[in-house]
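What follows is a set of notes on a single structure, which appears directly below.
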Amino acid sequence: WDVLTDPGFPLAHDGAAPPSWTLAPDSFPVVRYDGNLQADWSWSGQGVLIVTGSFQPWWGFWWEGIILAGSLNTSYTFTPLSLRGMLITGLNGTGEGTIRFKGFTDVYYHSCFVEAANRSLAYLEPVEDGYWEGY
């Protein structure tokens, strides 16, 4: 987590998400936002979304891939989320416990999107006879 949130760790999309309609279907960029993010439709897309602070999905937000967040804010009356992939929160050590989504929530683990997003995040080179597993 320290490496991914370090401002010295170079990313092409730091602070702003590329418009989803400009991405090729097989493009899964790594996007980082420093601080708390209330993500509406303009943040929708695919790849790896890294939020260093609190992440709160909002109106029209959808994601295909991986979302990594310091914490998750679901305190509002309406917390919609459409996700095909994987959501990991509490990375800043807050120990969140139970997460409750309110309103329209459509969350599915999708191994293909997770694997594609993970390839974008991987800075290691595959080793001959190595093993990768994703479900």
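So which of L91, L81, L87, L124 ends up being of a type outside the set (F, W, Y) and either at pLDDT below 65 or touching a His at 6+ places or on another chain (Cβ under 9 Å) (or both)?
L124
Return the residues of the stretch 30-46 that are over 14 Å from G70 (Cβ atoms), open to solvent by less than 20 Å² (accessible area, probe 1.4 Å) and touching a Leu at 6+ places or on another chain (Cβ under 7 Å); say none if nothing qualifies.
V30, V31, G45 - these are the residues of the stretch 30-46 that are over 14 Å from G70 (Cβ atoms), open to solvent by less than 20 Å² (accessible area, probe 1.4 Å) and touching a Leu at 6+ places or on another chain (Cβ under 7 Å).
Could we say that L49 is surrounded by fewer than 17 Cβ atoms within 10 Å (Cβ to Cβ) and under 16 Å from A117 (Cα atoms) here?
no
Residue pairs, Cβ under 8 Å, 6 or more apart or interchain, first in the stretch 10-31 and in contact (Cβ under 8 Å) with a residue 40 or more places away in the chain, second part of a loop (DSSP other than H, G, I, E, B) and not β-branched (V, I, T). List them.
Hits for this filter: P29/A12; P29/P18; P29/L23; V30/L11; V30/A12.
Is at least one residue of the stretch 64-72 modelled with pLDDT of 90 or more, part of a loop (DSSP other than H, G, I, E, B) and surrounded by 19 or more Cβ atoms within 10 Å (Cβ to Cβ)?
Initially, the stretch 64-72 is screened for residues modelled with pLDDT of 90 or more, giving 64-70.
Subset that is part of a loop (DSSP other than H, G, I, E, B): none.
Looking through the stretch 64-72, none of the residues is modelled with pLDDT of 90 or more, part of a loop (DSSP other than H, G, I, E, B) and surrounded by 19 or more Cβ atoms within 10 Å (Cβ to Cβ).
Please work out which one of (1) open to solvent by less than 30 Å² (accessible area, probe 1.4 Å); (2) within 14 Å of G70 (Cβ to Cβ); (3) at pLDDT below 90 is the condition D2 fails and give its number.
(1)
Residues in the stretch 1-29 that are farther than 22 Å from S111 by Cα, under 16 Å from the mean Cα position of the chain (by Cα) and in a loop (DSSP other than H, G, I, E, B): how many?
7
Looking at this structure, is F101 surrounded by 14 or more Cβ atoms within 10 Å (Cβ to Cβ) and at pLDDT below 70?
Answer is yes for this residue.
The values are calculated or read from the model by the stated rules, or taken from the named source; none is laboratory data. These numbers come from a predicted model, not from an experiment. Quick reminder, even Gly has a Cβ in these numbers, built from the backbone with ideal geometry, and neighbours come from all protein chains shown. We work out accessible area using only protein heavy atoms, side chains counted, and drop any ligands, DNA or RNA first. Shrake-Rupley method; radii C 1.70, N 1.55, O 1.52, S 1.80 Å.
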